[in-house]
Amino acid sequence: MNASAPALAQRAFLFDMDGTIVDNMAFHTTSWLAFFERHGHALDADAFFRDTAGRQGHEIIAQYLGADADHVTLLAEKEVVYRELYGPHLATVAGFEQLITSARQAGVGLVVGTAAPDENIAFTLDGLDLRHRFDAIVGAADVERGKPHPDVFLKGALLAGALPHNCIVFEDAPLGVEAARRAGMRVVVLTTTLPAEAFAAFDNVIAIVPDFSALDVDALFASVAPALAPHHQ
C-alpha cells in the first residue's frame with residue numbers, strides 16, 4: 001500500500017509504539033528522570049508522564065532544559081540509558097501479534113505512529129522482528145510536531161491509503177488520544193500505563209482494554225461510525 005493507492009474504502013490500524021505495542025513506559029520514565037536528575041532537575045514521575053507521553057524527545061528536552069540545549073547529544077544520552085534498562089524485557093503486549101495477523105487477513109492496513117526516534121524504532125521493531133509486518137512506520141524524524149498534534153497519525157493514514165474516519169488508533173497516553181481526536185480518528189486505549197479514568201474526557205475512545213487479546217477486528221470497525229470531524233491543529 002502507498003499514498004497513491006485507492007483510499008476511499010481502505011481501513012487501517014495505527015499503533016502507537018511505546019506503551020502500546022510494548023509495555024515499556026515505566027522504563028522510559030525511569031530513564032528520563034535519571035537523565036534530568038543528572039542535569040539538575042528532580043521531577044515527579046506521574047506528572048512528568050502526563051505532561052510528556054507522546055511528545056518528541058527534542059520537545060521534552062526543550063521544555064526542561066531550554067530551546068538552546070544540544071538536543072541531539074542530550075537525547076542520545078537519554079536513549080542509551082533507556083535501551084540498557086528495557087532491553088532485557090523487550091516483548092509485545094499480550095494479543096498484539098494475533099490482532100495484527102487477523103487484521104492483515106481482513107485486509108486492514110497496519111501502521112506504526114510513534115514519537116520515538118529512529119534508533120528506538122529499530123531497537124523495538126527490529127528487536128521483535130516486527131518491521132516487515134507493517135505497511136508504514138512514522139516516527140519522530142518523519143513529522144515536525146509530536147503529539148498532541150495529529151501529524152503522525154495523519155501521515156500514517158495517508159501512507160496506508162486510508163481516510164481518517166476509516167482508521168482506528170491504539171494508544172496508551174492522553175496526548176496520543178488527543179492527537180487522534182484532532183485527526184478525526186477513533187481510539188482503543190490500553191491501560192498499560194494509566195488507568196481508564198485518565199481517558200474519561202475523550203469522546204473518541206471506543207474501547208479501553210488491558211491488552212489486545214479480547215479485540216475483534218470487525219467489531220472494532222463496527223463501532224467507529226459516525227465519523228468524527230477532524231480538529232487539525
| Considering L90, L75, L99, L65, which residue is more than 24 Å from H165 (Cβ to Cβ) and modelled with pLDDT of 95 or more? | L90
| Any pair with Cβ under 7 angstrom, 6 or more apart, that starts in region 112-126 at a residue that is over 14 Å from E144 (Cα atoms) and ends at one that is assigned to a helix (DSSP H, G or I) and of a type in the set (D, E) | E119/E79; N120/E79
| Set G40, G19: member being assigned by the TED database to the domain that holds A106, modelled with pLDDT of 90 or more and of a type outside the set (D, E) | G19
| 2 or more residues of a type in the set (V, I, T): qualifying helices (runs of 4 or more DSSP H) within region 34-89 | 57-65, 71-86
| request: Could you tell me whether any residue of region 91-106 is part of a strand (DSSP E or B) and β-branched (V, I, T)? | output: yes
| When only residues in region 212-223 that are open to solvent by 60 Å² or more (accessible area, probe 1.4 Å) and part of a loop (DSSP other than H, G, I, E, B) count, which is farthest from T92 (Cα to Cα)? | D216
| task | Please go through region 104-154 and pick out each residue that is out of contact with any Gly (no Cβ under 7 Å at 6 or more places or on another chain), within 16 Å of I168 (Cβ to Cβ) and either modelled with pLDDT under 95 or among the charged types (D, E, K, R) (or both). | result | R104
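One line per residue, one yes/no per condition, for (1) touching a Phe, Trp or Tyr at 6+ places or on another chain (Cβ under 7 Å); (2) closer than 24 Å to R182 by Cα:
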residue	(1), (2)
V80	no, no
R83	yes, no
P88	no, no
G107	no, no
R133	no, no
V152	no, yes
L159	no, yes
| task | Identify the residue in region 26-53 that is within 20 Å of H89 (Cβ to Cβ) and of a type in the set (S, T, N, Q) and, among all such residues, is surrounded by the fewest Cβ atoms within 10 Å (Cβ to Cβ). | result | T30
| request: For A183, state whether it is in contact (Cβ under 8 Å) with a residue 12 or more places away in the chain, within 13 Å of F13 (Cβ to Cβ) and in the same structural domain as A106 (by the TED database). | output: no
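The values are calculated or read from the model by the stated rules, or taken from the named source; none is laboratory data. No experiment lies behind these values; they were computed from the predicted model shown. Note that we place each Cβ from the backbone using ideal geometry, even for glycine, and neighbour counts take in every protein chain shown. Remember, those area values only see protein heavy atoms, side chains included, never the ligands or the DNA or RNA. Shrake-Rupley method; radii C 1.70, N 1.55, O 1.52, S 1.80 Å.
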